[in-house]
Amino acid sequence: MKSPFLPQFSLLLKTCFCLGAFTFVASGYSQESDGGLEAELALLESEGESLERLVSIARLHQEAGDLESAARYWHLASKRDDATPETVGGLVAIYLMAGKAEGAALIVKESLGRFPDSAELLYVQASVYVAQKKVPAATYALQKAIKLEPENPKYNYKLAEMMFLRGNVDRAELILEPFLEADEVMDDMVFLNAQILFVTERERQGMRQIEKILKKDPDNLKAKEALLAMLLQHSMKEAKAGRVSRAVRMLEDADEIVPGEKKILMGLALLEDEQGNGAEAMAYCERILEADPEDIKTLLLLGRMQRKEGLADEAEVTFREGLALAEEKGDRELVAAFEKSLNPFE
């Protein structure tokens, strides 16, 4: 008989992990940054404007979250005779961060008159079109950029990513292929190629791509997250196909990459229970509770597993602990579940 927890496991992975969601971006503003801004402003006052100083001040305001001030200095930088398409790109990025895509589009349009043969500015224009949900126009802009600089991996990567997101997987793979053979390959290209391999049912090849990055750089967080997401999705696929032991091995690999991740441990607990390995399943629940003793749902699951394994006294202790926490938190649904578990024949 199939365990009632297997569907829960599939739902757990579907809702909590997304293959495309490989990275997390964080930024902070420190007292050191504040001091840097004051120093740059003082130098601006004493030495006058320069492109480098205006850009530096703009970036420091941007790091501080002051988009209005950042935009002001990016504007000043962009109007200078020695401004570059990259300078315009900095200004456009601020507009997009502020949700002003129409304003960003006007800046790009004006700047293309100033830099008519700039592949970089076409690349920036593509980002504006994406923000406006004009995907065909973004694709066309990237294609024009590549005609100007056919060997630039950044532009080719973005076009491949665009094709992939539009469902044209074969075209995306074709764009990436020559760049993947280079001695130095952009990590983002490797990640995208791994996704392509994954969605075309070449999962193991995709995971090997990420493993190569981790072999060179064991601390690469993005690669760890990518491999973790792939292992989770592949384990779900194996579980759905009834290959539960394979799914367990996948999650064990994931647990080595990110030790102690609650969702991985819960998946392992559910799958070990599916295979009738009660002791192993309970051990995973206990690992979750070591990190979070007030995880009420894990207490409920552990109690049920203990009872199934004939550990009635231990199960009662677990259920009572969970009931007290559920009452404390005012969770009526879980209170009812614990009460029913303590008095199953009522």
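The values are calculated or read from the model by the stated rules, or taken from the named source; none is laboratory data. Note that the structure is a prediction, hence the values are computed from the model and not measured. All Cβ positions, glycine included, derive from the backbone under ideal geometry; neighbour counts span all protein chains shown. Please note that ligands, DNA and RNA were not included when accessible areas were found on the heavy atoms of the full protein model with its side chains. Shrake-Rupley method; radii C 1.70, N 1.55, O 1.52, S 1.80 Å.
Give me the lysines in straight-line cross-link reach of LYS329: C-alpha distance below 17 Å, same-chain residues under 8 apart excluded.
LYS297
Suppose every Lys and Arg Cβ carries +1 and every Asp and Glu Cβ carries -1, with no other charges. What dipole size does the chain come out with about its Cα centre, to the nearest 20 debye?
With only Lys, Arg, Asp and Glu charged at Cβ, the dipole is about 1700 debye.
Let me spell out the model: positive unit charges on the Cβ of Lys and Arg, negative unit charges on the Cβ of Asp and Glu, origin at the Cα centre of the range 225-285. What dipole size does that give, in debye rounded to 20?
Here the range 225-285 has a charge dipole of around 280 debye.
Taking the Cα centre of each part, how many Å lie between the range 40-102 and the range 261-284?
One Cα centre to the other: 53 Å.
Any aspartates and glutamates with Cα under 18 Å of the LYS212 Cα? List them, leaving off those in the same chain fewer than 8 positions away.
Counting by Cα, and skipping residues close in sequence, LYS212 has these aspartates and glutamates nearby: GLU177, GLU181, ASP183, GLU184, ASP187, ASP188, GLU203, GLU225, ASP253, GLU256.
Bin by bin, in steps of 10 Å, what percent of the Cα pairs in the range 286-328 do you find, going until the bin that has the longest distance?
Per 10 Å bin, starting at 0, the Cα pair percentages come out as 34, 56, 11.
Compute the distance in nm between two label points, each set 7 Å from the Cα along the Cα-to-Cβ direction, one at ALA98 and one at LYS329.
It works out to 4.2 nm between the two label points.
Can you tell which of ALA98, GLY267, ALA119 lies farthest toward the positive end of the dipole of the chain, using +1 and -1 charges on the Cβ of basic and acidic side chains (Lys, Arg; Asp, Glu)?
Going by the charge dipole, the pick is ALA119.
For LYS240 and GLU286, compute 0.36 nm times the residue count separating them, minus their Cα-Cα distance, and round to one decimal in nm.
Extra length from LYS240 to GLU286 when fully extended: 14.0 nm.
Residue separation times 0.36 nm, minus the C-alpha to C-alpha distance between GLU339 and ALA312: what's the value?
Here the segment from GLU339 to ALA312 would lengthen by 8.2 nm.
What value does the range 158-228 have for Rg/Rh, both radii from Cα atoms and Rh as Kirkwood defines it?
Value, to two decimals: 0.95.
Please report the relative contact order for the chain, taking Cα pairs under 8 Å with a sequence separation of at least 6, and give it as a percent rounded to a whole number.
12
Which residue, chosen from ASN168, GLY65, LEU41, occupies the Cα position most advanced towards the positive end of the dipole of the chain, where the dipole is computed from +1 (Lys, Arg) and -1 (Asp, Glu) charges on Cβ about the Cα centre?
Farthest towards the positive end: ASN168.
Most mobile of ALA42, ALA71, ALA194 per a Gaussian network model of the chain (Cα springs, under 10 Å)?
Checking each option, the largest mean-square fluctuation is seen for ALA42.
Wrap a convex hull around the Cα atoms of the range 177-276, take a quarter of its surface area, and give that in square nanometres.
The orientation-averaged projected area of the Cα hull of the range 177-276 comes to 6.5 nm².
Show that you can apply the helix-only estimate: for the chain, add -39,500 (n - 2.57) for every DSSP H stretch of four or more residues, divide by all residues, and state [θ] at 222 nm to the nearest 500.
After summing the helix terms and dividing by the residues of the chain, the value is -24500 deg cm²/dmol.
To one decimal place, what orientation-averaged projected area in nm² is obtained for the convex hull of the Cα set of the range 62-221?
It is 10.9 nm².
By how many nm would the segment from GLU110 to ARG208 grow when fully extended, if each residue of separation counts as 0.36 nm and the alpha-carbon distance is taken off?
30.7 nm is the gain from fully extending GLU110 to ARG208.
Using only the Cα atoms of the range 258-346, build the gyration tensor, take square roots of its eigenvalues as a ≥ b ≥ c, and label the shape rounded, prolate or oblate: rounded if a/c is under 1.5, else prolate if a/b is larger than b/c, else oblate.
oblate
Counting only protein heavy atoms and a 1.4 Å probe, tell me what percentage of the range 190-303's accessible area is made up of carbon and sulfur.
47
Starting from the Kirkwood radius over alpha-carbon pairs of the range 250-302, derive D by Stokes-Einstein at 37 °C in a medium of 0.692 mPa s and give it in µm² s⁻¹.
In µm²/s, the coefficient rounds to 303.
(1) 23, 41, 29, 7, 0; (2) 27, 48, 21, 4, 0; (3) 27, 58, 15, 1: which one is P(r) over Cα pairs in 20 Å bins from 0, in percent as calculated from this entry?
(1)
Which entries of LYS215/LYS262; LYS134/LYS154; LYS100/LYS224 show an alpha-carbon separation above 28 angstrom in the structure shown?
LYS100/LYS224
So, with +1 on the Cβ of K and R and -1 on the Cβ of D and E, and no other charges, what is the size of the charge dipole of the range 266-329 about its Cα centre, to the nearest 20 debye?
200
Counting trypsin sites (Lys or Arg not before Pro) as exposed when in a DSSP loop with at most 11 other beta carbons within 10 Å, what is the longest stretch of the chain free of them?
With a cap of 11 other Cβ atoms within 10 Å, the longest stretch comes to 134-346.
Based on the Cβ-Cβ distance of ARG171 and ALA39, what FRET efficiency does E = 1/(1 + (r/R0)^6) give at R0 = 56 Å, to the nearest 0.05?
It comes to 0.70.
With every protein chain left in place, what is the accessible area per residue of the range 281-346 in square angstrom, probe 1.4 Å?
Roughly 62 Å² per residue, with all protein chains present.
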